[in-house]
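Heads up: the structure comes next, in structure tokens.
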Amino acid sequence: METFITDKVQEDAIKELSKVIAVPSYCEDAEENAPFGPGPKKALDTVLKVAESIGYKTFEDPEGYYGYAEIGEGKEIFGLVCHMDVVPAGNLDAWNTKPFEMVEKDGKLFGRGTQDDKGPSVASLFAVKAIMDAGHTFNKKIRFIFGTDEETLWRCMAQYNKKEAPIDMGIAPDSEFPLTYAEKGLQQSYLTGPGSDELNLSLVNAFNAVPGKAIYDGPKQDEVMAALKAHNFDAEKVEGGIEVKGNSVHAMNAPQGTNAVVRLGIALADVFPEIQVLKFLKKFGEDANATNLLGDVSDDVSGKLTFNISSLEISPEGSRLQIDMRIPVKIDHDELIQKVADAVKPFDMKYENFDYVAPLYVPTDTDLVKTLMSTYQDVTGDTESKPAISGGATFARTMNNCVAFGAMLPTTPDFMHQANENWSKADMRKAMEIIAEAVYRLCV
């Protein structure tokens, strides 16, 4: 097996990666030709300049939503779907280095985006170029697609798919090896209903996390505490109210968490039995697969539906629940939504859509998956790791015949979205070798 990645190839990639890391590219207010703010636009400009400097032809959407870099020729397009936006640095005191100044220390590259997804994007860019530099000719056009809105609402890829020809096959190096061939559908929604003069409550959290804490500062606190204890829910009195304790996990793993908002709602239903949204929560219970509400919703590929209720709001004007569903890949989306709408009607509640991302499913017997798996196994010697399914979401699902492939190894510590995000040079090198070999097998 030919080795395409040399020390120089990796060091060149690291040098150019530092330029991309230096751009704080989190979503901000739109500016002219910068729909997600100046940071993502500058990061896009920067990575396209890097690509052009090493021989790629580049294109940037005039409205600033996306760009791409191409190399090779052919009727078919092999896509590598990447993103240049990042999440904010968060608490700077928790960082040991400056988040937007890449630092190499102890064999690791520190900086926001080193794992997600600037590091894998630039590493892949140089890995593919190394194949051509070794004297090979591609039989497909290789296109790196750079989005700028992955961490928020994926509007960049909506524009790409509206304006550009589809790829024929591809990978998104924004997950973990060996590969993810199925990603559940992602539906975020609201359930709205009548309000109440008895209770004012505003417990608002992110869609995609099981709430690990809920503070109640309303009336009848002694009765509410008694109800919580009767259900054996963990709660304690705090200054001005009651704190209900749960266990926060990502919404895709909702059954593994303990939902503090739902627990509070169940207890409140005992104290305020006429409030419709609380009646609903008591019916729903703590079943994050929603079997109490919908029955069994599952398939033989990606398992059960997950149903996370992250927020609860009650006022005299109305009530609202915020929900996140991860839908099995073979379940009909429209039928499921109608089922949810019908299930909430008895509680005088309505279903309202917020955002939907369709599922990813590329069967494991396809040439793409088989080639990627054999490449990973041959390069690493790891024959134990299997193709995965996920409740999470990558840009792979925005394309036809595309899967998430790397760039983290199964043994790579996960620092995505965390302080001190870093990627070891050894893991980066192995990822470059895997991606280069995979592209060589599929496109040479």
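The values are calculated or read from the model by the stated rules, or taken from the named source; none is laboratory data. What you see is a predicted model; the values in this text were computed from it and never measured. Note: ideal-geometry Cβ built from the backbone for every residue, glycine included; neighbour counts use all protein chains shown. Heads up: the accessible areas ignore ligands, DNA and RNA and are worked out on the full protein's heavy atoms, side chains in. Shrake-Rupley method; radii C 1.70, N 1.55, O 1.52, S 1.80 Å.
The rows are residues; the columns are (1) of a type outside the set (Phe, Trp, Tyr); (2) farther than 16 Å from Pro62 by Cα; (3) within 19 Å of the chain's Cα centre (by Cα).
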{"site": "Ser124", "(1), (2), (3)": "yes, yes, no"}
{"site": "Val128", "(1), (2), (3)": "yes, yes, no"}
{"site": "Asp133", "(1), (2), (3)": "yes, yes, no"}
{"site": "Lys141", "(1), (2), (3)": "yes, yes, no"}
{"site": "Thr148", "(1), (2), (3)": "yes, no, yes"}
{"site": "Leu153", "(1), (2), (3)": "yes, yes, yes"}
{"site": "Met157", "(1), (2), (3)": "yes, no, yes"}
{"site": "Glu164", "(1), (2), (3)": "yes, no, no"}
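Say whether the condition of being open to solvent by less than 50 Å² (accessible area, probe 1.4 Å), at positive phi and under 24 Å from the mean Cα position of the chain (by Cα) is met by at least one residue in the stretch 98-109.
No: the stretch 98-109 contains no residue that is open to solvent by less than 50 Å² (accessible area, probe 1.4 Å), at positive phi and under 24 Å from the mean Cα position of the chain (by Cα).
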Search the stretch 1-24 for residues being among the hydrophobic types (A, V, I, L, M, F, W, C), within 12 Å of Ala436 (Cα to Cα) and outside any helix (DSSP H, G or I), and hand back the single one that is nearest to the chain's Cα centre (by Cα). Ile5
Selection status of Ile331, assigned to a strand (DSSP E or B) and of a type in the set (A, V, I, L, M): no
Just for the stretch 330-356: of the residues that are among the β-branched types (Val, Ile, Thr) and open to solvent by less than 20 Å² (accessible area, probe 1.4 Å), which one is nearest to Val403 (Cα to Cα)? Val340
Those strands (runs of 3 or more DSSP E) completely within the stretch 37-143 that have 3 or more residues that are touching a residue at least 40 places away in the same chain (Cβ under 8 Å) are 66-71, 77-83, 108-110
Filtered residue count, the stretch 365-386, keeping only those that are in contact (Cβ under 8 Å) with a residue 40 or more places away in the chain and over 18 Å from Val439 (Cα atoms): 3
Would you be able to say whether some residue in the stretch 123-135 is touching a Pro at 6+ places or on another chain (Cβ under 9 Å) and closer than 20 Å to Glu16 by Cβ? yes
Criterion violated by Cys27 - all others in (1) assigned to a loop (DSSP other than H, G, I, E, B); (2) over 20 Å from the mean Cα position of the chain (by Cα); (3) surrounded by 17 or more Cβ atoms within 10 Å (Cβ to Cβ) satisfied: (2)
